[in-house]
Every structure is written in structure tokens, then in C-alpha cells.
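The values are calculated or read from the model by the stated rules, or taken from the named source; none is laboratory data. Remember, predicted model here, so these are calculated numbers, not experimental data. Ideal geometry is used to build each Cβ from the backbone, glycine not excepted, and the neighbour counts take in all protein chains shown. Ligands, DNA and RNA are excluded from the accessible area calculation, which covers all protein heavy atoms including side chains. Shrake-Rupley method; radii C 1.70, N 1.55, O 1.52, S 1.80 Å.
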Amino acid sequence: FTLLIILGNIFIFILAPILANSLERHYTFGGKELSVFSKMVGFQVFNTVVASSVYYFFEGDALTPVGRRHSWYVYGSGMVLNVLIGDTFIINLGIDLLQPGLLYARHVAAPAAHTQREMNQILSPKADIYLAFRLQLVTKLVVITLIYSSALPLCTLLTAAFMWLAMWVDRYNLLRRFAPPPRSPDFLISVVHCYIMPAAIAVHLGCTVLFFEQQRRVVH
């Protein structure tokens, strides 16, 4: 399941910008950001929650409550932690910080450019949807942490580590690598504050009751 989640996330990372640029053709840059953000957050959270919940509801010894609880903590919890660790280190540092495509452009494509103008464009790429991509990654980690932190307190530490690292990654990329991005509209962050976070907190409360009630049954 973990491998399928990773492949699915990579697929949506590639597909969402292509759909926004080629098929949807938004009238405003803010509309494009919101579209890409919504697709990525929705797909990744749904993908992770459904895959990890399979172990809670359908696995276990004779489908007993004890078996389900044991099975989820052995397999489902490991999947959640793998997702958070992968986003914190592989995506955050290996992809967003190292920027393999940008390294290739700078060291291979730029020296082969025929004009100085072409070289300048390669060496100073547009940020485009960088902010929306980073925001969706932050939102995804916060939502998943809220859902599972009552059962896995380690999720909070991993998300805190991601936030600290992300600050330096974004500072380096936006100040040293990319041309200044277009101004993002206020409604992008408003969607997170007014709709996604309240829903995530409500799910967190429900999951907390679910996890602790199941634990009470196991103990007693």
C-alpha cells in the first residue's frame, strides 16, 4: 500500500499542473492555484486515509476488535508514519530543495543555450505554482496529523520537523532560485482556514473518540 500511495502521489503531482495548463485554462492565476491545490490535497489525504483505514476495518485475527486494533497499529500506523517521513525528508529535501529538474537545467541545458536571453530564462525560472504546491504539502501533513495524532503522537513531531525544514527550503528557493511568483489571492489561504482546518479538527475529535474507545475495549 505504501508503494501505491507514493506512485499515486507522484502521478497527481505530474497530472494536476498539466490539467491546469492544458485543459482547464483558468482565467486567473489564482484560479489555477486553487485548482491545483484542491486536486493535490484532496487526492493525497483521501489516498492515505483510505489505505491506512483498510487495516483498521478489514484486517485482524478473526475480525475481532482486538485483532483490528493490533493489525492497524502494526500495519496502518506504519503506513501513516511512512507517508509523513517521506514527505518530510524525500519530498521536502530530496525534491523541493535539491530540485533535480532545475539542477539539470542549470548544468546541462543552460550551457547549451544559443543566446544569453535563453540562458537567463533557464537560470531564473518562474516560480509559477510553487506556493500552491508547498501549501498543499503543508495542508496535507497538518490534516493527516490531526486525524491520527491521538493514536500516533509521533505525527506531531514529524510535522513540526517538516515545518522547520520547510521554512529554510522555501526561503532558499524563493530568494535564490526562482523569479518572484505572481501574487497569490487571499482566497487560497482562506479556503484552508475556513473550510479545510475546521473539517480536519472535527475529524480529529471523532477519530480521538474512536481510537480511545477501541483502546478501552481492548484493555477491558
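Quick notes on this structure:
- Count of residues meeting criterion [assigned to a helix (DSSP H, G or I), in contact with a helix residue (DSSP H, G or I) (Cβ under 8 Å, 6 or more places away or on another chain) and not aromatic (Phe, Trp, Tyr)] in segment 146-173: 14
- Residue pairs whose Cβ atoms lie under 7 Å apart, separated by 6 or more positions or on different chains, with the first residue in segment 8-25 and closer than 15 Å to Ile129 by Cβ and the second assigned to a helix (DSSP H, G or I) and among the hydroxyl-bearing types (Ser, Thr, Tyr), are Ala20/Ser35; Glu24/Ser35.
- Only one of Val142, Val203 that is under 15 Å from the mean Cα position of the chain (by Cα) and in a helix (DSSP H, G or I): Val142
- When Ile129 is tested against the conditions (1) closer than 26 Å to Thr28 by Cβ; (2) over 18 Å from the mean Cα position of the chain (by Cα); (3) surrounded by 16 or more Cβ atoms within 10 Å (Cβ to Cβ), the lone failure is (2).
- Restricting segment 177-200 to residues that are in a helix (DSSP H, G or I) and in contact with a Gly (Cβ under 8 Å, 6 or more places away or on another chain), the residue that is least open to solvent (accessible area, probe 1.4 Å) is Leu188.
- Odd one out for Met163, checked against (1) modelled with pLDDT under 95; (2) out of contact with any Ser or Thr (no Cβ under 9 Å at 6 or more places or on another chain): (1)
- Qualifying positions in segment 96-110 - open to solvent by 60 Å² or more (accessible area, probe 1.4 Å) and out of contact with any helix residue (DSSP H, G or I) (no Cβ under 8 Å at 6 or more places or on another chain): Leu98, Pro100, Leu103, Tyr104, His107, Val108
- Within segment 111-126, considering residues that are assigned to a loop (DSSP other than H, G, I, E, B) and in contact (Cβ under 8 Å) with a residue 40 or more places away in the chain, the one least open to solvent (accessible area, probe 1.4 Å): Pro125
- Filter result (of a type in the set (D, E, K, R) and within 14 Å of Arg177 (Cβ to Cβ)) within segment 102-136: Arg106, Lys126, Asp128, Arg134
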